[in-house]
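We did not get these values from a lab; they are worked out from the coordinates using the rules stated. Just so it is clear, the structure is predicted and the values come from calculations on it, not from any experiment.
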């Protein structure tokens, strides 16, 4: 019979965990829709994140608010690029 406890321990040991490097944003722009607000809060909270959003979900607005919040937190200019345009 297979020992499932040792198998679960083995699988758990393969997991990769990282600590968040972001911050809790404050005062997000009121024009964001709920799904955009969640995306911005997630990305800023993680600090390192990629948002894969479908067409028409307002990626430009999300990027603008993300950049504004990141600039304010870092107190310096930050350059972001949308790699999908080309």
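The fraction of Cα-Cα pairs per 10 angstrom bin, counted from 0 for the range 6-80, comes to 17, 44, 21, 12, 6, 0 percent, rounded to whole percents. Across the chain, the relative contact order, built from alpha-carbon pairs under 8 Å that are at least six residues apart, equals 25 percent.
Axis angle, to the nearest 10 degrees, between helix 34-46 and the longest C-alpha principal axis of the chain: 70 degrees. In the chain, the DSSP-assigned H stretches of four residues or longer account for a calculated mean residue ellipticity at 222 nm of -14500 deg cm²/dmol, using -39500 (n - 2.57) per stretch and the full residue count as denominator.
Relative to the longest principal axis of the C-alpha atoms of the chain, give the angle of the C-alpha long axis of helix 59-74, reported between 0 and 90° and rounded to the nearest 10°. The helix 59-74 is inclined about 90 degrees to the chain.
Computed from Cα atoms, the angle from the helix 4-13 axis to the main principal axis of the chain rounds to 40 degrees.
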